[in-house]
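To start, the structure itself, in structure tokens.
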Amino acid sequence: VGVDKEPQPHYPFRFFRADALKFLLERRWDFEHLGRRVAAIHASPPCQDHSRLKNATGRSHGTGHLLVATRELLEAVGLPWVIENVPGADMRPDYKLCGCQFNLPGLTRERWFETSWHGFAMQPPCSCPTGFDIVDCTGHSPQGRIYKARRAAGLPPPGGIAEKRAAMGIDWMNRNELAQAIPPAYTEYIGAQLLDAVRSAA
Ligand SMILES: C[S@@+](CC[C@H](N)C(=O)[O-])C[C@H]1O[C@@H](n2cnc3c(N)ncnc32)[C@H](O)[C@@H]1O
């Protein structure tokens, strides 16, 4: 089940358009009356106020408070939880994942994950691509920084949306959605850690 305050027409599962904090506060995740039980909650609060870009410009997106507010509500719910955000966010990075750990072609997207079970994994040395080998899945312009750098160097343009989708391991999103997304390979990895944690606590 997915929740977002914006419509997500390409989301492949059951979707609720709602404020995520209200959804938690009002126990709208509690589907017991429908015969279904939510076992864990993953949250990806907006990262703009925690990103390196924000730190460089000092400009606020106005959403930085959501990370702390989300953590407080998840603690109150009491189910196992995961919070994802960007490197440098004010969180405990139990897991640090990036594209090279999953052989995602050209992806440089490090993400941090804080977990209710205080997980831990050794961080393998990073072998992410650099320079023109990066597939730029950030931003909302068809002509991002790698496009411009390749053009300035007289190289052919990058492979567009198909290349971005391959890098992210997602074939159902448009460019704007890809810019916000977490690669499913990361989520699958975190999901496996979650299942281990839940089983060992049982
Ligand atoms: C990092 S993206 C989430 C990416 C998504 N989990 C994925 O893997 O594709 C952050 C999302 O938070 C949504 N958002 C921002 N504030 C919100 C709020 N108060 N309630 C629900 N969603 C919110 C934004 O619309 C945006 O889609």
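Bear in mind these aren't lab numbers, they're just calculated from the coordinates by the rules spelled out. Remember, predicted model here, so these are calculated numbers, not experimental data. Every residue, glycine as well, gets a Cβ built from its backbone with ideal geometry; the counts of neighbours run over all protein chains shown.
If you bin all the Cα-Cα distances of the range 1-119 at 10 Å, starting from zero, the percentages per bin are 12, 37, 38, 12, 1.
Let me know the shape class of the range 86-142, please: from the alpha-carbon gyration tensor, a ≥ b ≥ c as square roots of the eigenvalues, rounded when a/c is under 1.5, otherwise prolate if a/b is greater than b/c, or oblate. The partial results should precede the final answer.
Numbers: a/c = 2.91, a/b = 1.64, b/c = 1.78.
Because a/c hits 1.5 or more and a/b fails to exceed b/c, the range 86-142 counts as oblate.
In order along the range 122-129, phi translates into HN-Hα couplings of 5, 8, x, x, 6, 10, 5, x Hz, rounded to whole numbers, per the Karplus curve 6.51 cos²θ - 1.76 cosθ + 1.60 with θ = phi - 60° and x for Gly and Pro.
In this simple spin-label model, placing a label point 7 Å from the Cα along the Cα-to-Cβ direction at both Arg36 and His118 gives a separation of 3.3 nm.
Take the Cα radius of gyration of the chain and divide it by 2.2 N^0.38 Å, with N its residue count; two decimals is plenty. Walk me through the numbers on the way to the answer.
On the way: Rg = 18.0 Å, N = 202, 2.2 N^0.38 = 16.5 Å.
The chain yields a ratio of 1.09.
Against the chain, whose longest principal axis comes from its Cα atoms, helix 184-201 is set at around 30 degrees. Extent along the principal axes, Cα only, for the range 40-96: 37, 23, 13 Å, with the longest axis given first.
Mean 1/r over all different Cα pairs, inverted: what Kirkwood radius does the range 113-185 give, in Å?
Numbers: mean 1/r = 0.0709 Å⁻¹.
In the range 113-185 this quantity evaluates to 14.1 Å.
If one computes the Cα centroid of the range 1-79 and of the range 101-131, what distance in Å separates the two points? That distance is 22 Å.
The H on the amide N of Ile41, modeled in the peptide plane, is under 5 Å from the matching H of Trp81, Val82, each at least 5 residues off or on a different chain. Using label points projected 7 Å from each Cα along Cα→Cβ, tell me how many nm separate Phe132 and His65, to one decimal. Taking the simple label geometry, Phe132 and His65 are separated by 4.8 nm.
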